[in-house]
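Please treat every number below as a calculation from the coordinates, not as lab data. Since the structure is predicted, the reported quantities are computational estimates derived from the model, not experimental observations. All Cβ positions, glycine included, derive from the backbone under ideal geometry; neighbour counts span all protein chains shown.
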Amino acid sequence: MRLKNKVAIVTGGGSGFGEGIAKRFVEEGCKVIVNDLKPAGGERVAKEISGAGGQAKFVQGDVSKAADWDRLLKATLDAYGSLDIVINNAGTTHRNQPLLNVTEEDFDRVYAVNVKSLYHSARAIVPYLRKKGGGVLITIASTAGVRPRPGLVWYNGSKGAAIVTSRAMAVELAPDKIRVNVVNPVAGDTPLLAEFMGSDTPEMRAKFVASIPLGRFSQPVDIANACLYLASDEANFITGACIEVDGGRCV
């Protein structure tokens, strides 16, 4: 039980990577708050975890809004009395298309969810973790922020910003014993995949898989296992790190 008696918030926990992280953490003894913008997915994940004997509660919220982060922290402390780990997983993208075709509305939404959420998360969570004596923050960024693909220019930029922001936080928060690390998944078979590719066809899937040396998309459990290590005490001397979970894409 590598996370026994720990409490974690997983944003975007109602599907994809977030669902995989939440379920994997509970397997290792963690109590989890499943956050998602959409109640259907978040409630389903929390119910499935509880039904299997784990401890999870769903809290609806928009990670791009400060008030929702305040409410998320309060709900976590009301439910479990503590907080140790925050997984900033919630993310979005614009459709794969020429950079000048992306609307300002889509640009703003991508940066609000992928970057500004880190600001709101820190503002709400860091004071609590400082008083507690430490904690763990993990950002789920993307290989797009390390090795960008054409057609995803503004998304690539948002993930690059998320990576640098998280690493800068790691340096500044190290004296507070708050570790901040980044996991960079390659494209995964999640609800956002069609948007990343531009169209979901066998030919397009084959094209994307061909760019991954190990020959497959990432799976939620791949990302969850990387997060599990970084969140555990085994990684207590690791901060500011970026782990590419990408089948060799960034080599």
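Couple of notes before you dig in:
- Here is the result for segment 17-91: no GluC sites (Glu not before Pro) lie in DSSP coil with at most 13 other C-beta atoms within 10 angstrom of their C-beta.
- Each peptide in 53-63, 240-250 receives the mean, over its residues, of other Cβ atoms within 10 Å, and ordering these scores from highest gives 53-63, 240-250.
- Between Pro98, Pro150, Pro202, the GNM of the chain built on Cα springs shorter than 10 angstrom shows Pro202 fluctuating the most.
- From its DSSP helices (H runs of at least four residues, each -39,500 (n - 2.57)), the chain gives a residue-normalised ellipticity at 222 nm of -14000 deg cm²/dmol.
- When both segment 27-69 and segment 182-225 are represented by their alpha-carbon centers, they are found 24 Å apart.
- Rg and Dmax, both from the Cα atoms of segment 104-251 and both in Å, are 16.1, 52.
- Classification of segment 1-85 by its C-alpha gyration tensor yields an oblate form. The axis ratio a/c (a ≥ b ≥ c) is 1.5 or more, and b/c is at least a/b.
- Hull shadow area, averaged, segment 164-251 [alpha-carbon convex hull, nm²]: 6.6
- Note on Ala168 and Ser82: the extension gain reaches 28.4 nm, defined as 0.36 nm multiplied by sequence separation minus the Cα-Cα distance.
- Approximate shape of the chain as ellipsoid semi-axes (Cα gyration tensor, √5λ), whole Å, largest first: 28, 19, 18
- Most to least packed among 209-219, 4-14 [average Cβ atoms within 10 Å]: 4-14, 209-219
- Most to least packed among 177-186, 140-149 [average Cβ atoms within 10 Å]: 177-186, 140-149
- Using a Förster distance of 22 Å, the FRET efficiency for Ala40-Asp189 (Cβ separation, nearest 0.05): 0.65
- Hydrophobic, long helices, defined as DSSP H runs whose alpha-carbon span along the helix axis is 20 Å or greater and whose mean Kyte-Doolittle value is at least 0.0, occur in the chain at 153-173.
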